[in-house]
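Enquirer: I have a structure I would like to understand better, so I am pasting it below and will then ask my questions one at a time.
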Amino acid sequence: MSDILDGDLLGRVRDRLADEAGELTPARVAAALRAESGGVLGDSDLLAALRHLQTELSGAGPLESLLADPAVTDVLVTAPDRVWVDRGSGLHLTDVVFPDEAAVRRLAQRLALFAGRRLDDAQMWVDGRLPGHGEFGVRLHAVLSPVAQGGTCLSLRVLRPATQGLEALRDRGAVDEDAYRLLRRIVRARLAFLIVGGTGAGKTTLLAALLGAVDATERIVCVEDAAELVPAHPHVVRLVARAPNVEGVGEVTVRDLVRQALRMRPDRIVIGEVRGAEVVDLLTALNTGHDGGAGTVHANSPDEVPARLEALAALGGLDRVALHSQLVAAVQVILHVHRGADGVRRLAQIGVVERDPVSGVIVAPAWTHAHGPGDGMERLETLLRRREAP
């Protein structure tokens with residue numbers, strides 16, 4: 001490259017691109033080059049700089065081959081010689097190695113820029129989405145040292161569409177035959193349900209499968225923090241939240257979108273993951289005539305759901321008593337998915353929400369993978385028969 005294409009110019013171009021929202025197209029990169037160079041770049045220098053920046057600003061370097069693997073769900077970097085991958089059976093160390101910590105840091109900063117974010121000593125962490133690698137892209141999270149004590153920590157999750165149907169889950173053993181029949185009845189009866197489980201347990205996969213079983217005449221409005229739900233249903237409206245840009249503006253929260261969903265004539269409102277104050281709006285919606293709603297929640301067991309929702313509702317100004325009152329009226333079923341030590345994801349329990357004079361709300365097991373029908377089965381059957389068409 002010409003001497004005019006020094007590191008200072010390219011650094012200014014990177015900063016300009018980081019300050020602007022939008023996809024990093026060749027036209028945007030070229031416009032930033034012209035603006036920062038004062039218009040003195042010739043065609044050959046402009047083309048050389050454009051090629052240089054496009055190479056720097058695209059791809060994931062040593063991690064590219066891992067992200068391209070269709071079986072990979074997560075790629076995690078904890079040190080230059082510690083690159084981990086999850087292919088659905090837990091984390092395994094790969095043979096990918098970076099030259100040094102500086103190389104990991106440069107990659108994290110490059111990916112942050114590609115996601116339209118800034119990552120430097122003034123902004124030590126970033127959360128964003130990288131286009132490419134399928135329709136949904138890759139979710140990016142990075143933390144720089146010294147906040148990350150061991151060096152730059154990089155986490156990449158490949159967002160793959162959840163499209164499997166209930167029959168497919170049953171056929172591969174993720175859902176037992178008895179549970180399969182119960183799930184279909186729960187959907188037909190328009191009982192509201194929450195799917196709970198740990199990270200990577202298959203919550204979104206089961207949710208998409210259940211939505212695919214919804215009657216084709218119903219309108220589903222899905223609200224997500226990151227686009228993952230693609231149910232096999234003819235009438236789905238998908239709303240996806242947006243993070244603020246580097247100037248702190250333009251944010252669209254899940255709670256904003258839940259409120260908009262209420263005005264879109266939904267038959268069912270679905271939240272891909274309930275993780276904040278939007279739980280208040282969801283419960284309110286389910287208590288005002290929107291039957292059959294659904295969502296997922298991070299919780300290790302059904303018993304933890306009331307406490308987990310209490311904490312989230314507090315963010316929205318709803319106290320414990322009010323939360324329990326809303327919950328028992330709005331949600332009827334809790335579905336617990338679990339990934340075992342063998343890496344197999346399966347539906348472990350179907351619980352029914354009941355009022356309790358001491359605890360406020362409890363989740364009684366109606367069916368478990370280990371023992372079959374439980375104490376809550378009678379209550380669940382009552383709810384199903386009450387709502388099922390004659």
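Enquirer: Can you work out which of the residues in segment 158-203 that are on the phi > 0 side of the Ramachandran plot and over 22 Å from the mean Cα position of the chain (by Cα) is surrounded by the most Cβ atoms within 10 Å (Cβ to Cβ)? I'd like the intermediate steps shown before the answer.
Expert: Initially, segment 158-203 is screened for residues on the phi > 0 side of the Ramachandran plot, giving 173, 190, 197, 200, 202.
Among the residues that remain, those that are also over 22 Å from the mean Cα position of the chain (by Cα) are: 173, 190.
Working: Gly173: 10, Arg190: 18.
That would be Arg190.
Enquirer: Could you please tell me which pairs satisfy a Cβ distance under 9 Å, a separation of 6+ or placement on different chains, a first residue in segment 83-99 that is closer than 13 Å to Asp342 by Cα, and a second residue that is among the aliphatic types (A, V, I, L, M)?
Expert: Arg87/Ala71; Arg87/Val72; Gly88/Ala71; Gly88/Val72; Ser89/Val344; Gly90/Ala341; Leu91/Leu76; Leu91/Val85
Okay, residues lined up against (1) in the same structural domain as Leu91 (by TED's automatic domain parsing); (2) in contact with a Lys or Arg (Cβ under 7 Å, 6 or more places away or on another chain); (3) over 22 Å from Leu207 (Cα atoms):
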| position | (1), (2), (3) |
| --- | --- |
| Val337 | no, yes, no |
| Arg346 | no, no, no |
| Pro357 | no, no, yes |
| Ala364 | no, yes, no |
| Met377 | no, no, no |
| Glu381 | no, no, no |
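Enquirer: Name the residue, out of Thr296, Thr217, that is modelled with pLDDT of 90 or more, under 20 Å from Ile186 (Cβ atoms) and assigned to a strand (DSSP E or B).
Expert: Testing whether each residue is modelled with pLDDT of 90 or more, under 20 Å from Ile186 (Cβ atoms) and assigned to a strand (DSSP E or B) leaves just Thr296.
Enquirer: May I pose another question? Of everything in segment 227-256, what is in a loop (DSSP other than H, G, I, E, B) and of a type in the set (D, E, K, R)? Give them in sequence order.
Expert: Scanning segment 227-256 gives Glu228, Glu247, Glu251.
Every residue, every condition in (1) modelled with pLDDT under 90; (2) hydrophobic (A, V, I, L, M, F, W, C), yes or no:
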| position | (1), (2) |
| --- | --- |
| Asp291 | yes, no |
| Glu304 | no, no |
| Leu323 | no, yes |
| Ala330 | no, yes |
| Ile334 | no, yes |
| Gly340 | yes, no |
| Val344 | yes, yes |
| Gly351 | no, no |
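Enquirer: Is there a residue in segment 377-384 that is assigned to a loop (DSSP other than H, G, I, E, B) and not basic (Lys, Arg)? Outline the logic, then answer.
Expert: The first filter runs over segment 377-384 and keeps only residues assigned to a loop (DSSP other than H, G, I, E, B), leaving none.
Checked segment 377-384: no residue is assigned to a loop (DSSP other than H, G, I, E, B) and not basic (Lys, Arg).
Enquirer: Consider segment 213-239. How many of its residues are more than 16 Å from Pro266 (Cα to Cα) and free of Cβ contacts under 8 Å to residues at least 60 places away in the same chain?
Expert: The total comes to 2.
Enquirer: Could you tell me whether Val353 is farther than 17 Å from Asp178 by Cβ and either in contact with a Pro (Cβ under 7 Å, 6 or more places away or on another chain) or surrounded by 20 or more Cβ atoms within 10 Å (Cβ to Cβ) (or both)?
Expert: Answer is yes for this residue.
Enquirer: Considering only segment 144-183, state which residues are touching a helix residue (DSSP H, G or I) at 6+ places or on another chain (Cβ under 7 Å), over 13 Å from Thr205 (Cβ atoms) and of a type in the set (Val, Ile, Thr).
Expert: Thr152, Val158
Enquirer: Further question on the same structure: May I ask you to verify whether Ala313 is at negative phi, at pLDDT 90 or above, surrounded by 15 or more Cβ atoms within 10 Å (Cβ to Cβ) and not in a strand (DSSP E or B)?
Expert: So Ala313 passes the test.
Condition check ((1) buried (at least 16 other Cβ atoms within 10 Å of the Cβ); (2) outside the structural domain of Gly197 (by TED's automatic domain parsing); (3) not in a loop (DSSP other than H, G, I, E, B)) across all residues:
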residue: Arg259; (1), (2), (3): no, no, yes
residue: Pro266; (1), (2), (3): yes, no, no
residue: Val274; (1), (2), (3): yes, no, no
residue: Val279; (1), (2), (3): yes, no, yes
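Enquirer: Right, something else. May I ask you to list the residues in segment 89-148 that are polar (S, T, N, Q) and more than 14 Å from Leu76 (Cα to Cα)?
Expert: First, pick out the residues of segment 89-148 that are polar (S, T, N, Q): 89, 94, 109, 123, 145.
Residues satisfying the conditions are Ser89, Gln109, Gln123, Ser145.
Enquirer: Now, a different point. Determine which member of the set Thr217, Thr205 is under 18 Å from Gly289 (Cα atoms) and among the β-branched types (Val, Ile, Thr).
Expert: None of the other options fit; the residue is Thr217.
The values are calculated or read from the model by the stated rules, or taken from the named source; none is laboratory data. Just so we're clear, the structure is a prediction, and the values are computed from it rather than from any experiment. Heads up, the Cβs are rebuilt from the backbone with ideal geometry, glycines too, and the neighbour counts pull from every protein chain shown.
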